[in-house]
Amino acid sequence: MQRGKKSILNATAAMLLTLMNGLLGMVVTKLVIDVFGSDFNGLNSTASQLVNILLLLEGGFTIATNVAMFHPYYAGDYDRVNQILSATHKTFRKIGIIFLGAGVAVAAGYTLVVNSGLPAELIFTVMMMAIVPAAFNLFFATKYRILLQADQKEYIISLITLLTITLGHIINIILVLCSGKMWMIRAVTMVMAIINSILIGFYVKKHYRFLDFKAKPDFSAIQGTKDVMIQKITGVIYNTAPIVFISISADGGTLLASVYAVYNNVFVLLKGVMQGLIDAPRLGLGEMMATKKREEVWPTFKLYQFIVFMALFILLTTAAVLIIPFVAVYTHGVSDTNYEKPIIALLLVCITFFEMIHIPSGHMINMSGNFRISKQIQIVATITLIFTMSAGVLIAGIYGILCSVLLTAIILAILEIGFIHCRFFTKKIKSLLGLLLPFAITAVPLGILELKLLPKIDGYLSFFICAFILAVGNSIIAFVLGMLFNRQQTMEAFTKILRIVHLGK
């Protein structure tokens with residue numbers, strides 16, 4: 001299958017997974033808040049984020065293995081592939097066991113410090129039911145995921161996950177409506193995550209007959225794990241610290257964590273859709289970097305960035321206008337805490353913008369094997385994040401934390417984009433600005449105008465009608481901007497998509 005078609009399949013499957021998981025997840029969250037209260041929702045959301053912190057133990061081994069696999073896999077050197085996978089197999093078995101042990105300790109410690117009105121035994125149980133499936137995934141399934149990623153078949157992972165997550169959400173909806181217990185919600189999620197890992201392993205064993213995990217492991221082939229580790233540290237602090245800090249703070253607790261989680265879930269959904277688009281071509285870029293000269297890759301990377309910026313303009317402009325009306329409708333009737341926080345919404349819009357624009361450059365750094373450069377950038381970001389977040393939480397609470405995250409996103413964008421467009425591809429900053437600025441400059445006045453023209457939204461029907469009209473309108477504006485300022489990239493993007501769709505028929 002051609003690289004372009006795989007990228008389209010990966011993007012489509014990832015966005016479908018994100019949409020279904022996000023929408024059904026929000027239905028479950030709403031039911032949980034209504035039936036069990038914001039306290040339990042805040043705990044549930046925090047448990048997931050603490051698991052992400054523990055995943056630091058993975059140490060960047062997945063990305064480093066992906067890069068090591070590209071050349072031997074596409075050269076058909078399956079002996080070499082098996083040697084790398086054997087090393088991966090042994091490493092992740094150890095990581096899975098260590099993760100489980102560390103998880104028990106973290107669950108016990110968090111139970112002692114969390115600011116919640118829930119019973120301690122329930123808190124510990126919920127934490128463990130989040131930790132166990134993640135440990136099982138590391139121990140059993142990660143090596144299979146890596147092979148699918150090397151073959152650019154992430155859509156298989158997404159489709160299997162879509163099946164298990166959708167089934168889990170449906171069961172949870174039924175449980176809540178039928179007066180199920182609190183702990184059952186997390187138990188269903190745990191069981192489905194374990195089934196997901198088993199199904200991925202079964203698929204790979206059936207379709208990749210050359211697999212031999214008994215081959216002599218070659219640990220030396222997997223370079224850069226220490227350099228990638230700092231990326232994971234930054235990412236974990238960046239994504240998980242806000243809700244963890246909030247849940248244990250005296251003036252916050254799991255109630256405020258629930259408020260933050262509702263806003264964050266909306267943006268996680270939006271970022272997940274964008275991430276599906278952004279991540280899908282990254283493995284193809286890795287293959288190109290392994291087989292082509294650097295200057296031959298630039299036109300493809302330029303087009304890739306243009307598509308990302310156009311999609312971000314459409315999605316984020318629409319979201320900025322609708323986020324507060326959506327939260328008002330979504331939390332209507334909830335009285336245990338106030339969910340309407342416009343400043344949180346504004347900060348998350350800004351954070352999402354700066355997060356998304358530098359991800360293509362970050363992928364290029366990793367897929368080209370420049371882990372040391374990434375490490376240097378991430379060290380700067382991590383130091384900034386730790387110091388500003390520590391000060392921010394003391395000065396302004398949740399708003400100080402989010403300002404710290406925003407500052408870090410801006411620094412990461414400047415450093416990663418700067419490296420790729422000044423050093424990796426030389427003298428390309430002007431070209432980048434030509435792609436980005438028409439969308440960025442137009443978005444602010446357009447959003448303000450749309451906010452003034454937005455009619456009153458008093459229910460889901462009026463919300464979805466407004467969302468559809470805004471999304472279509474913003475898409476037309478994005479196309480016009482593309483044709484005015486970047487006609488060649490706009491035509492290339494549509495031509496490429498049409499060609500891939502035609503070949504897929």
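The values are calculated or read from the model by the stated rules, or taken from the named source; none is laboratory data. This one's a predicted model, so the numbers in the text were calculated from it and none came from an experiment. Neighbour counts run over all protein chains shown; Cβ positions are idealised from the backbone, glycine included. Calculation scope for accessible area: heavy atoms of the full protein, side chains included, ligands and nucleic acids excluded. Shrake-Rupley method; radii C 1.70, N 1.55, O 1.52, S 1.80 Å.
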Index of the failed condition, A135 passing every other in (1) within 22 Å of the chain's Cα centre (by Cα); (2) within 20 Å of K181 (Cβ to Cβ); (3) among the hydrophobic types (A, V, I, L, M, F, W, C); (4) at pLDDT 90 or above: (2)
Residue list for the stretch 176-213, restricted to those being at pLDDT below 90, open to solvent by less than 30 Å² (accessible area, probe 1.4 Å) and of a type in the set (G, A, S): G180
Applying the selection to the stretch 273-301, what residues are under 19 Å from R423 (Cα atoms), in a helix (DSSP H, G or I) and not β-branched (V, I, T)? L285, G286, M288, M289, A290, R294, E295, E296, W298, P299, F301
For E287, are the conditions met, namely being open to solvent by 10 Å² or more (accessible area, probe 1.4 Å), modelled with pLDDT of 80 or more and out of contact with any Leu (no Cβ under 8 Å at 6 or more places or on another chain)? no
How many residues, within the stretch 234-258, are closer than 15 Å to I386 by Cα and either modelled with pLDDT under 70 or not β-branched (V, I, T) (or both)? 7
Quick check on my filter: what residues within the stretch 370-387 are polar (S, T, N, Q) and either open to solvent by less than 30 Å² (accessible area, probe 1.4 Å) or in a helix (DSSP H, G or I) (or both)? S374, Q376, Q378, T382, T384
Among (1) within 19 Å of F139 (Cβ to Cβ); (2) open to solvent by less than 30 Å² (accessible area, probe 1.4 Å); (3) of a type in the set (V, I, T), where does T46 come up short? (1)
So is S335 without any contact (Cβ under 8 Å) to a residue 12 or more places away in the chain and not in a helix (DSSP H, G or I) or not? yes
Is it the case that the stretch 416-433 has a residue that's β-branched (V, I, T), in a helix (DSSP H, G or I), more than 30 Å from P299 (Cβ to Cβ) and within 26 Å of the chain's Cα centre (by Cα)? no
Members of the stretch 49-78 found to be under 17 Å from the mean Cα position of the chain (by Cα) and in a helix (DSSP H, G or I), listed by number: Q49, L50, V51, N52, I53, L54, L55, L56, E58, T62, I63
Of all residues in the stretch 216-232, how many are part of a helix (DSSP H, G or I) and either in contact with a Cys (Cβ under 6 Å, 6 or more places away or on another chain) or modelled with pLDDT under 70 (or both)? 8
So, in the stretch 438-479, how many residues would count as being open to solvent by less than 70 Å² (accessible area, probe 1.4 Å) and part of a helix (DSSP H, G or I)? 20
What pairs can you find where one residue is in the stretch 89-117 and closer than 15 Å to V132 by Cβ and without any contact (Cβ under 8 Å) to a residue 24 or more places away in the chain, the other is in a helix (DSSP H, G or I) and not polar (S, T, N, Q), and their Cβ atoms are less than 7 Å apart, with a gap of 6+ or different chains? A108/F124
Kindly indicate whether V393 is assigned to a loop (DSSP other than H, G, I, E, B), among the β-branched types (V, I, T) and at pLDDT below 90. no
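Residue under question is L24, and the condition is that it be modelled with pLDDT under 85 and open to solvent by 30 Å² or more (accessible area, probe 1.4 Å); does it hold?
Values: modelled with pLDDT under 85: no; open to solvent by 30 Å² or more (accessible area, probe 1.4 Å): yes.
Answer is no for this residue.
Assess whether K271 counts as being among the basic types (K, R) and modelled with pLDDT under 70.
Details: among the basic types (K, R): yes; modelled with pLDDT under 70: no.
No; evaluated as a whole, the condition is false for this residue.
For T166, state whether it is open to solvent by 20 Å² or more (accessible area, probe 1.4 Å), within 20 Å of the chain's Cα centre (by Cα) and over 19 Å from M15 (Cα atoms).
Details: open to solvent by 20 Å² or more (accessible area, probe 1.4 Å): yes; within 20 Å of the chain's Cα centre (by Cα): yes; over 19 Å from M15 (Cα atoms): no.
Judged against the criteria, T166 is not a match.
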Within the stretch 294-309, restricting attention to residues that are open to solvent by 10 Å² or more (accessible area, probe 1.4 Å) and within 19 Å of the chain's Cα centre (by Cα), which residue is farthest from M367 (Cα to Cα)? I307
